[in-house]
Ligand SMILES: Nc1ncnc2c1ncn2[C@@H]1O[C@H](COP(=O)(O)OP(=O)(O)OP(=O)(O)O)[C@@H](O)[C@H]1O
Ligand SMILES: [Mg+2]
């Protein structure tokens, strides 16, 4: 089982995240980034965090420790933002905590050298789990103590949003051409040789078994949470065994990435009123984005 802790204090919302995770202190003296069941992404994003994150960990990739956080919305009664309050008030009970990495920075190219085999392993995991949310625009990778850490695996396993179509997509290739590590010559074939035989039914049963039962309850088309677990195991085992069908081979060339970036920037600029055209973009990311394009060029 994942360790379970109790929230004592809600410190801050992380507004950079679409789901507005919160920084929370807990009774183990821990500080966690907590993803809430009441966020718009719903409990399935938390299911994916557990399955993808714990699978990644067992394959030797770095993922901050995960815990279940028992959350009483009363510990966040002081949070003034009413939209955030709505999320917190509908998240009583178990939520997902990811150990906060103090001083970690979001990954940008040039932050550290990335070995092609490590890039290949991460791309392989993302291709297996259909996670198209680790891109140059939103890397969902952090740099901590000069190493890469995987965060935000909640967008993976998209097949679980419509189980009736899951069988048809079991060997489906997902586009990886905007992957955050695509410019680092990811050694996907080597990663496949190493990882595909390790993603066994036994390993999958272990990680799927870590998902708390309430997050699997009442799934249409299934008569028990165990039946849902079995479906995750069967789907991912079949997909891992058929990796030749979905192994990504195409990554955007630096020129294509740069052209896409320029088109995007031009579209953003064109949509702005004249007075705003001088101001850096919403997150002050003009510099970060030009770092990307310079690096991949
Ligand atoms: N464990 C962690 N340690 C330190 N910082 C973190 C951690 N997890 C997340 N963050 C910071 O919070 C930001 C938002 O987190 P995350 O990407 O997990 O949220 P999200 O709501 O799923 O975001 P989105 O869907 O918009 O990508 C990250 O980009 C990162 O800067
Ligand atoms: Mg994110």
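Where a number appears in this text, it was derived from the coordinates with a stated rule and is not lab data. Since this is a predicted model, take the numbers as computed values, not measurements. Counting neighbours? That spans all protein chains shown, and the Cβs are built from the backbone with ideal geometry, glycine included.
Structure above, values below:
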quantity: Binned Cα-Cα distances of the stretch 3-103, short to long, each 10 Å bin given as a whole percent; calculated: 16, 52, 28, 4, 0
quantity: Cα-based convex hull, the stretch 106-245, per residue volume (Å³, whole number); calculated: 118 Å³
quantity: Ranked list, fewest to most other Cβ atoms within 10 Å of each Cβ, for 160, 179, 78; calculated: 78, 160, 179
quantity: Largest-first ellipsoid semi-axes for the stretch 24-165, taking √(5λ) over the Cα gyration tensor eigenvalues, angstrom; calculated: 27, 19, 13
quantity: Residues listed by number, the stretch 92-123, amide nitrogen under 11 Å from residue 146 label point at 7 Å toward C-beta; calculated: 113
quantity: Reciprocal mean inverse distance between Cα atoms of the chain - Kirkwood radius, Å; calculated: 20.3 Å
quantity: Relative exposure of 11, 46, 68, 59, judged by other C-beta atoms within 10 Å (fewest first); calculated: 11, 59, 68, 46
quantity: Label-point separation, residue 167 to residue 40 (7 Å along Cα→Cβ), nm; calculated: 3.4 nm
quantity: Value of [θ]222 nm, deg cm²/dmol, for the chain, DSSP H segments ≥ 4, -39500 (n - 2.57) each, nearest 500; calculated: -10500 deg cm²/dmol
quantity: Gained length - residue 217 relative to residue 260, 0.36 nm times residue gap less alpha-carbon distance; calculated: 11.3 nm
